[in-house]
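FYI, it's all coordinate maths here, none of it is from the lab. These numbers were taken from a predicted model, which means no experiment stands behind them. Neighbour counts run over all protein chains shown; Cβ positions are idealised from the backbone, glycine included.
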Amino acid sequence: MSEEALENLLHEDRTFPPDPDFAAAANLSASAYEAATEDRLDFWDQQAQRLSWDQTWNQTLDWSAAPFAKWFVGGKLNASVNCLDRHVSAGYGDQTALIFEAESGDSRHISYRELLEDVCRAANALEALGIEAGDRVAIYMPMIPEAVVAMLACARIGAPHSVVFAGFSAEALRSRIDDAAAKLVITADGQFRRGGAMPLKPAVDEAVSQAESVENVLVVRRTGSEVEWSERDVWWHDVVASASPEHTPEAFDAEHPLFILYTSGTTGKPKGILHTTGGYLTQAAFTHWAVFDLKPESDVYWCTADIGWVTGHSYIVYGPLANRATQVIYEGTPDSPHRGRFWEIVERHQVSILYTAPTAIRTFMKWGDEHPKAFNLSTLRLLGSVGEPINPEAWMWYRSIIGNDLCPIVDTWWQTETGAIMISPLPGVTEAKPGSAMRPIPGISAEVVDDDGNAVEPGGGGYLVLDQPWPSMLRGIWGDDERFVDTYWSRFPGRYFAGDGAKLDKDGAIWLLGRVDDVMNVSGHRISTTEVESALVSHHKVAEAAVVGATDDTTGQGIVSFVILRGSSAEDDGLVDELRAHVATEIGPIAKPRQILVVAELPKTRSGKIMRRLLRDVAENRSLGDVTTLADPTVMNLIADGLAQGASD
């Protein structure tokens, strides 16, 4: 039986119009919406012309085999050329492409000419190792310049790369190598993290020991630590440094595979999300230029993501470099060697555009305002948020403390599958609301629908779907077309649905509510965990919150909340009742948590994602699932002990 659509409970009335001076100089105006509405395909034609094509396309979109799309049919281009060669040829070879900040504090500037030469050397080295167009290459590397070089070298020779986050286990790496049948693995001996050297190659050795497809392992010397060596291992400095700095690129079809990126699947087997070249690069470059209002002559841009995630692909490598950005890449963690590390980097390199995750923002809130206030952040002119819905209070803190109440915030919604930003404010156009991604960008069409697929009215909640194809959309799941159709196109036939809940406010602005599997059914009301978390964090004592639904004999599910207090706040006898009342006031009595546990930390992966699955295990007294991907596996023991103690009090 069909369930009722999501409740639309939380309200936010604050608005922030664009600064007139910012709007006057913005890259995109409101006319872009009009142009895209009038002729969507012509709009994307115009955006594709921002790139350099070796052969022009003869058809913008082929949707005849839906849901398998082809964009810019017949066009040919090279992604590496678009990120490097064309800028050097245009006279910008001396412009800084990458500012590499090591965890130690050492930094170096790499120009577009130097980066091009490094990529050419690496491309020549890959070809010398037998890598050809179409061969898959797995990349398991820390946040160092060689990671960017490796990705662009693969793109240059037409070898699809599969970047695996360097915090994943050997087994996770092996499964991805096997699924893609990778011929080469590129890694490093180790990485610097929290002041020490952590090994990487042992995990690769374990992963490839049973991987029949791997012929060579190419190893960057980063830490200098001793590593075991085999016949298939090759040092990066032996084969790349000695290679020619010149390489003649080949133009590839717009639909030539650019990369595979694995994302977790509900079946336990990761999904290899396939992206191709022309459409992906078009939308990654356009959205980076439009949403972040990039001025390549003056901006210093910093996306704090890891290249192991799609944000690192689209908004560290392909989008920014296609737009000739000068950008920071940082090897370390936000609290090493001190909690002001991010803000020290902003000050040192005069960062003007900062793109980070709500999890990080809430962590900075928890640490206290004194850390960012110790540094000069006046160069910042635009702030971005990515990865999950941002709660209004974190949004306000970000604007006030980091942006000095001057910087527009672009709260972006998109996914590994979408390839690039889909919903976001435009900084020179949108009257932004704290916590809302607002509306689809020009050229993108999205709806919020109910269980039957009908569009909801303003004020209603439901499921976010994309009802028109877009250039950077995934072209399938690697090796599994049936799973692609079943996963994304079967729930609402003809429309893409990847599992996110959303609501429309009275003005038609879109509010993301997180994954629909993170929705609780409390006495027949379907309530998003995101809304309850936002209500908790809006309390002045709470820095961060995670909410799960636990089985309840009376209500179906009960709301169980885990909260971290702000640095200056202390737990007292009346705090839990105070927070329960606060949620009831913010949302309604139906959303009042059954239990609230004050914790010192939440279970998070190395990328900062909260593992709510583990919290549900604790809340329902089940044995814990796999904790190996957590940054600190011991956190779960402390939480379980605290919940047990609370139950006995």
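Can you work out ³J(HN,Hα) from phi for every residue in the stretch 244-255, in order, using Karplus 6.51 cos²θ - 1.76 cosθ + 1.60 and θ = phi - 60°, giving whole Hz and x for Gly and Pro?
These are the phi-based 3J(HN,Hα) values: 5, x, 10, 8, 8, x, 10, 7, 10, 4, 4, 9 Hz.
Residues with amide H under 5 Å of residue 162's amide H, sequence separation 5 or more or different chain, H placed in the peptide plane at 1.01 Å from N; which?
So residue 162 has HN proximity to 137, 138, 139, 260.
Specify the inter-centroid distance of the stretch 144-175 and the stretch 455-505, based on alpha-carbon positions, in whole Å.
Result: 28 Å between the Cα centres.
Take every Cα-Cα distance within the stretch 500-629, group them into 10 Å bins from 0 onward, and report for each bin the whole-number percent of pairs it holds.
Whole-percent P(r) values from 0 Å outward: 12, 43, 36, 9, 0.
Search the structure for amide H atoms under 5 Å from the amide H of residue 432, placed 1.01 Å from N in the peptide plane, and list their residues when 5 or more places away or on another chain.
For residue 432, the qualifying residues are 16.
Let me make sure I get this right: for the stretch 231-293, a, b and c are the square roots of the gyration tensor eigenvalues over alpha carbons, sorted descending. Under 1.5 in a/c it's rounded, otherwise prolate if a/b > b/c, else oblate. Which is it?
Oblate, since a/c reaches 1.5 and b/c is not below a/b.
Could you list log10 I(q)/I(0) for the stretch 390-444 at q = 0.16, 0.27, 0.30, 0.31 Å⁻¹, which the Debye formula gives when each Cα is one point scatterer?
The calculated log intensity ratios at q = 0.16, 0.27, 0.30, 0.31 Å⁻¹ are -0.49, -1.07, -1.18, -1.22.
Rounded to the nearest Å, what's the spacing between the alpha carbon centres of the stretch 46-105 and the stretch 211-251? Just the number, please.
Here the answer is 26 Å between Cα centres.
When the convex hull of the C-alpha atoms of the stretch 336-435 is computed, what volume per residue in Å³ does it have?
103 Å³
Given an 8 Å cut-off on Cα distances and at least 6 residues of separation, report the relative contact order of the stretch 300-374 as a percent.
38 percent
Normalising by the residue count of the stretch 92-206, find the relative contact order in percent from Cα pairs under 8 Å and 6+ residues apart.
The normalised contact order for the stretch 92-206 reaches 24 percent.
Could you tell me, in Å, what Rg and Dmax come out for the Cα atoms of the chain?
When restricted to Cα atoms, the chain yields Rg and Dmax of 24.0, 72 Å.
For residue 295, go through the lysines and keep the ones whose alpha-carbon is under 30 Å away, minus same-chain ones fewer than eight residues off.
76, 373, 433
What is the chain's relative contact order, in percent, from Cα pairs under 8 angstrom and six or more apart in sequence?
14 percent
Divide by every residue of the chain the summed helix terms, -39500 (n - 2.57) for each DSSP H run of at least 4, and state the resulting mean residue ellipticity at 222 nm, rounded to the nearest 500 deg cm²/dmol.
Computed ellipticity for the chain at 222 nm equals -7500 deg cm²/dmol.
Which order do the peptides 495-503, 399-407 come out in when sorted by mean C-beta neighbours inside 10 angstrom, highest first?
The densest-packed peptide leads the list: 495-503, 399-407.
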